[in-house]
Structure formats: structure tokens, C-alpha cells
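Student: Let me begin by handing over the structure; questions about it come next.
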Amino acid sequence: MPPYPNIQLLILLLLCSTIMLHAQDSIDDWSGKNLSNKERGDLALLNLKYNEADSLYDLALKKEVTAIDKIKLLLQKNEILIQTGKTRFISFNLKKIEHLLDKTDDPDLLYEYHYQYSIYYQRTNNFISELEHLLQAKKYIKEDDDFKIIEINHLTSIIYYCLKDYKSALAIFEENLAYNESKQMHDKALLSYYGIADCHLNMGHTKEAKRITQHILAFSEETGASNSIGYAYSLMSSILIKESKLDSALVFANQGIEISLLQKDNKEVAENYFNKAQIFFIREQYKDAIKWAVMADEIRDYYDFNLNELLANSYAAIGDHQQAFRIMSEMREEQIKKEENSQSFRTASELLRVNFEREQQVQGFLTQQKLQNLQMAYGIFAIVGILLIAIPFIAVQYANKKELDEYYQELVEKNEDLSYFAYICSHDLKESVRNIGSFTGLIEHKIQREAPGVDYKDYFNIIDSGVSTLSKIIDSLKMFAEANRSEANEYRHILLKDVVENALFNMRDIIGSKEVEIEIEDRIQTAVNTSEYAMYHIIYNVVKNAVHHNMETHPKITIELTKDLDWNTISIQDNGPGISKDHLEYIFKPFKTLKNKSISNSSGLGLSICKKLINNLNGNIWATSQKGQGSTFFIRIPR
């Protein structure tokens, strides 16, 4: 037996271990050398090593790669930007991808391209563009790919949330949650839970929001799901702030910051920073509130109105009115953009709804035509008797084609109306609202600076004028939208004299205040077969315009009727300021006025309503005028 057997055994074990370690190192070196930069980047991304992953993707892009590989690498780089809260920068890569799209028909890549664009537009509050890309992304989803459908639904629910339609958003969040839990997709379920809790919180259901948030924390601990879990702490902190439990709210905010920093989730870090800012603001520790609000703003990739409002109020509280005013000005500009995007989204939704309904009707007729064409094809090979039987089918086909053309024309008109509707909502309606907001702000600052007793009458007159104009625009817009309703196209025998007198009676106050002389020619007593509703509104709007714009010492309006074989033509002549020849067509377009609406106190829709109504009667309306010599409006209707 050899001496020291234990020592020999130990040496043998050490030798074997050394050999195994070298073997493992060789394997690791070999496998690392055989991984591409993209594959190594994917591994780094999986391990949340975002900077390393981004560098490896850049190295991969520097080599000669195919267009498909380039698209994949750029999409992965965007995934890093999204995860690190830098979504606003992904558009640069998406524009590069756009030039390569003709190189691929891969539905997964096309889906991811449109999906990332929708996230970008969501963060920039551009709802209309987000909706467009969501619809495009949906085209590339396979029927059995429930996961992507859930993703699209989730982003759609966020659109509803941003538009403060919390009930619609809540319904989609709950539907997604049921699916995610059935598939045991715990991380996705967490996102649905966040949305549900947030909706309840914004709907004022604080107790329910708190119950769901407590369940989220328990669910995370039980399942190990931790996707953006810092947001759960932010939610609980927000709820406790509402309950005035500031110490507990601060604890949750600090825990949320710690967890989100570990997860490198800047979005949730910012949420918890903001909650800390709110807590310090409530405690009147304004400098600390500014500190945490600024930190939140620096890492947020979207404009937050609540955060900036808190910042403005905090600066005002410490006497830095210049900073406060700067932030308030920025908020006003951002609010205008947000309202325009929201309204555009609603307009687009309405347009999509109308198009969808019309397309269904058109598709029905097209299907019917195809069936009838088949019947005719069979009839060609049949006997003369069957051909005679097929004649009714030909008649039906012709009738269907005619009806199809009518639906198409109506669809075109609806689209034009909705386009004009989008224009007014984006511009003219905002004009009066901006005046109200601006002058209200001036009054607030004036009250703060000056002693009571100062006369603010002029300011309030401007506000009243803006509100009045806005009210007129809304009323006129309603009438413009209803110009095609059945009542406007009901024909019956009426006396034109009765219609004229009724219109003049309803504007007797403005006629009396200006002492306008009205002269009505005898032939106006003629009976005509037309729409009383349409004729009343046409005459009312034309006469009211003539009175409103006439600044002569002795204003005069003459109403006459001429007849020929086919037409009755009403003329309304005034001795007002007249209209330039260049503007005679312009004045009949919707929302167009020769003066700023805030000055003219006009909706800009009166004459366009007349144009729409007279077109429905198969008639015509036009004007002749010379600047400084009055105007004459002609209303022509069939006899």
C-alpha cells in the first residue's frame, strides 16, 4: 500500500478538475466565436444588458448584411429604445426601414414595423397616426396569432384611455386579462391589471383601484411576474396620496424607484419621481417638489400636463414667476395640439364608421351582381324561353348598378363633409376657445398684480364675444350636418310671401335696431312646389347677412321674383359695402368669412348651408356685386 494515499487521491482530483475547466473554457470560446454579433446582441438584450446589445447590433450593421437582416437589426435597436424609455428616437430607425420595405413581404417584420410606429405616435399623442398604423399592423396578423391580437387590443385600449373614455378602455383591458390568465401569460396579465386599476382610479373608484393594486403585488409575488412592477408601486403611491396618507405614499414611491432602477425601466422611475414631487408639493416643500418633478421630466419621453402644471405652481409658489409663465405658455401650446389630435381621432373614427357601413352596403350589391351574372351565364346555353325568363334579372342588375352608383356618390359626399368637419374642429372652433383662454389668463395675472376695483369690462366683452361666436359655429355646424335630412327635402305647395315674411319676423330685432327698409315686390306671392324648410333657411341666412354687414345710414333691402319657363328666381339686393369679385365664389365655402370670425362674430357657415340646401332642391345660388356698390344674391329653384 503506497504512503499517503489521501494526498495522491487529492492530486488526482485536482488534475481532473483542471482538465474539465480547460475543456469548458475551450467550449465557451468555440461557441462564442461561432455566435454572430446579432445573436450575441439578442442574448445581451435578453439579460437586460441594453448598452452591450445596442453596440453589438451596431457592429452587425457595419458589416455587409441583407436588407432583411438590416430591418431585423433596426427593429431590435428600437426595442432597446422602447425598453429604456427613449421611444421618441425610434422614428429615425423606422424611416430607415421604410426604404427597405419593398425588399420583404414577411408579415412578422411588417407587423413589427407598424406596431413600433404606433407606439411612437402613442407617446407623442398623435392618435390619428397611431390608429392608422395599428390598423396596418392588424393586416399582417395570422388568424390564430392571439398574442399579437392582444398586443393590438392593448394599444387600442390605451388610445381610449388617453381620450379619457375609461369605460371603453376598461372593457378591453378586462378582455385581455381573461385571455392572458387563461394562457398563464403572467407578465402580459400584469399589464392588463395596471390598465384596469388605472381606469378605476381615473373613474373615481379609489377603493376598487386600491384592491386591484394590492392584488397585483400579491400576484407578482406568487407568479414571479415582474414586468414594469414599479408601476404597481406608483399606482399604490397615487392612491395613498388621494387618501392623504403621505408618509405611506412616500414609502411606496421610494420602493418603486428602487425596483424600477434595478429593472432599468425609466418610464416607471419617472412615475414614482412624479409621485414624490406631488407629496412634497402638498407638504409645501416646493423646492423639493421642483427637484423631483424636473428629474421625472428629464427621463420621460412624452409631455406630461400634470407634471408641468405642478412645476408651474411650484415655481409660482417660490416667486419665480418667469419660469411659471414659460411653463404655462408651453402647456397652452401642447393642449392645443392634444385637442386637435383628439378631435382628428374622433373625426377619423366617424369616417371609418361611415365608410365601413357604406362598404358593407356596396359589397352586398356587388355580391348580388355576381350571382346575377352567373344566372345570365347559364341562360346563354339555355333555350330561348329561358332567355326570356332571364330578362327580369338583367333589369334588376341595371337597377342595382344604379343604386350602387348612388351609394358611391353619397359616400363621396359624406367624406367631403367629414373633411370639412375635421377642418372646423382643428381650426375655427379653436380660434374662439384660444381667445377665451388667453384673455382669461390675462385677467388672472392682472388680478394678482393689481388692487381690486380695476374695470375688467373690456376683457369680459372679448370673452363674451368669443363664446357667442363659438356658440354660433356649433349651431351652424349642426344645421350644416343636417342639411340632407328628410325634412329639408320634403316638397309641397307654399307661398313664397309667407316664407319671406316668416324669416323677416324672426329677425325683427336686428332689422329694427338698424332701421332697415325692406321692400318686397308683389310677384313674391307666387305659389311654388318646393321645400319650405330649405327655402326658409336660405332666405333667412341671405337677408340676415345683408342686414348684419350693412353699415349705411339708411340701409335698404329689396326682394323680387322673376319667372321663366323652367325656373323661379328670387333676388335679394342690398346697398351694403359689396363684395370683391375675387370672393364671390369663396363666400359659399364652409367656414369662410371675409373678416376674422372674432371680429365679424359670424360662424362662416350661413351661405354654405344655403348652398347645400339649394343643391338638394336641384337649384342654384350665386351673387353679383361690386366693392362699395352693394350686392345681389340670386336663388333659383325649378318651377
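The values are calculated or read from the model by the stated rules, or taken from the named source; none is laboratory data. Keep in mind that what you see is a predicted model, and the values were worked out from it rather than measured. Cβ atoms come from the backbone with ideal geometry, glycine included; neighbour counts cover every protein chain shown. Just so you know, the surface numbers come from the protein's heavy atoms only, side chains and all, with ligands and any DNA or RNA stripped out. Shrake-Rupley method; radii C 1.70, N 1.55, O 1.52, S 1.80 Å.
Student: Quick check on the stretch 151-168. Is at least one of its residues part of a helix (DSSP H, G or I) and farther than 16 Å from I196 by Cα?
Tutor: Yes, the stretch 151-168 contains at least one residue that is part of a helix (DSSP H, G or I) and farther than 16 Å from I196 by Cα.
Student: Let me ask something else. If the Cβ limit is 6 Å and pairs must be 6+ apart or interchain, which residue in the stretch 94-122 that is under 16 Å from E79 (Cβ atoms) pairs with which residue that is of a type in the set (D, E, K, R) and crowded, with 21+ Cβ neighbours inside 10 Å?
Tutor: Taking only residues 6 or more apart or on different chains, the pairs are S118/E130; Q122/E130.
Student: Another question, if that's okay. Across the stretch 179-205, what is the number of residues that are open to solvent by 50 Å² or more (accessible area, probe 1.4 Å) and assigned to a loop (DSSP other than H, G, I, E, B)?
Tutor: Of the residues in that region, 5 qualify.
Student: Further question on the same structure: Inspect all residues belonging to the stretch 117-140 and state whether any of them is under 21 Å from the mean Cα position of the chain (by Cα) and within 18 Å of K188 (Cα to Cα).
Tutor: Looking through the stretch 117-140, at least one residue is under 21 Å from the mean Cα position of the chain (by Cα) and within 18 Å of K188 (Cα to Cα).
Student: Going through the stretch 552-574 one residue at a time, which ones are in contact with a strand residue (DSSP E or B) (Cβ under 6 Å, 6 or more places away or on another chain) and charged (D, E, K, R)?
Tutor: K556, E560, D574
Student: State all residues of the stretch 620-639 that are free of Cβ contacts under 8 Å to residues at least 40 places away in the same chain and either in a helix (DSSP H, G or I) or farther than 18 Å from K544 by Cα (or both); if no residue qualifies, say none.
Tutor: N620
Student: Now for a different question. Which of the residues spanning the stretch 98-152 are touching a Lys or Arg at 6+ places or on another chain (Cβ under 6 Å) and under 30 Å from Q335 (Cα atoms)?
Tutor: N125, I152 - these are the residues of the stretch 98-152 that are touching a Lys or Arg at 6+ places or on another chain (Cβ under 6 Å) and under 30 Å from Q335 (Cα atoms).
Student: Okay, next question. Tally up the residues in the stretch 288-320 that are over 21 Å from K86 (Cβ atoms) and either surrounded by 15 or more Cβ atoms within 10 Å (Cβ to Cβ) or acidic (D, E) (or both), please.
Tutor: Result for the stretch 288-320: 14.
Student: Here are S260, S234, S226, S244: which of them is without any contact (Cβ under 8 Å) to a residue 40 or more places away in the chain and part of a helix (DSSP H, G or I)?
Tutor: Exactly one residue qualifies, and that residue is S260.
Student: Any residue at all in the stretch 16-26 that's surrounded by 15 or more Cβ atoms within 10 Å (Cβ to Cβ) and either modelled with pLDDT of 50 or more or not in a helix (DSSP H, G or I) (or both)?
Tutor: No - not one qualifying residue is present in the stretch 16-26.
Per-residue answers, yes or no, for (1) in contact with a Phe, Trp or Tyr (Cβ under 6 Å, 6 or more places away or on another chain); (2) farther than 20 Å from C162 by Cβ; (3) at pLDDT below 90:
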{"site": "I259", "(1), (2), (3)": "no, yes, no"}
{"site": "Y273", "(1), (2), (3)": "yes, yes, no"}
{"site": "Q278", "(1), (2), (3)": "no, yes, no"}
{"site": "I282", "(1), (2), (3)": "no, yes, no"}
{"site": "E298", "(1), (2), (3)": "no, yes, yes"}
{"site": "Y303", "(1), (2), (3)": "no, no, yes"}
{"site": "E309", "(1), (2), (3)": "no, no, yes"}
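Student: A further question follows. Please enumerate the residues belonging to the stretch 500-545 that are part of a loop (DSSP other than H, G, I, E, B), of a type in the set (A, V, I, L, M) and buried (at least 18 other Cβ atoms within 10 Å of the Cβ).
Tutor: Once the filter is applied, which keeps residues that are part of a loop (DSSP other than H, G, I, E, B), of a type in the set (A, V, I, L, M) and buried (at least 18 other Cβ atoms within 10 Å of the Cβ), the stretch 500-545 yields only V516.
Student: Under 8 Å between Cβ atoms, which residue pairs at least 6 apart in sequence (or on different chains) link something in the stretch 569-584 that is of a type outside the set (D, E) with a partner that is in a helix (DSSP H, G or I) and buried (at least 20 other Cβ atoms within 10 Å of the Cβ)?
Tutor: So the pair list comes out as I570/L496; I570/I539; I572/I539; I572/V542; I572/V543; I572/A546; G576/A546; I579/I587.
Student: For the stretch 263-273, which residues satisfy the criterion of being open to solvent by 20 Å² or more (accessible area, probe 1.4 Å) and either in contact with a Cys (Cβ under 9 Å, 6 or more places away or on another chain) or in a helix (DSSP H, G or I) (or both)?
Tutor: Answer for the stretch 263-273, where residues must be open to solvent by 20 Å² or more (accessible area, probe 1.4 Å) and either in contact with a Cys (Cβ under 9 Å, 6 or more places away or on another chain) or in a helix (DSSP H, G or I) (or both): N266, K267, E271, Y273.
Student: Follow-up. For I149, indicate whether it is aliphatic (A, V, I, L, M), at pLDDT 80 or above and over 17 Å from the mean Cα position of the chain (by Cα).
Tutor: For I149, the condition - aliphatic (A, V, I, L, M), at pLDDT 80 or above and over 17 Å from the mean Cα position of the chain (by Cα) - is not met.
Student: Does the stretch 546-581 hold any residues that are open to solvent by 50 Å² or more (accessible area, probe 1.4 Å) and part of a helix (DSSP H, G or I), and which are they?
Tutor: Matches in the stretch 546-581: H548, K581.
Student: Shifting gears a bit: Of these, K338, K287, which one is among the basic types (K, R), in a helix (DSSP H, G or I) and modelled with pLDDT under 80?
Tutor: Every option except K338 fails the conditions.
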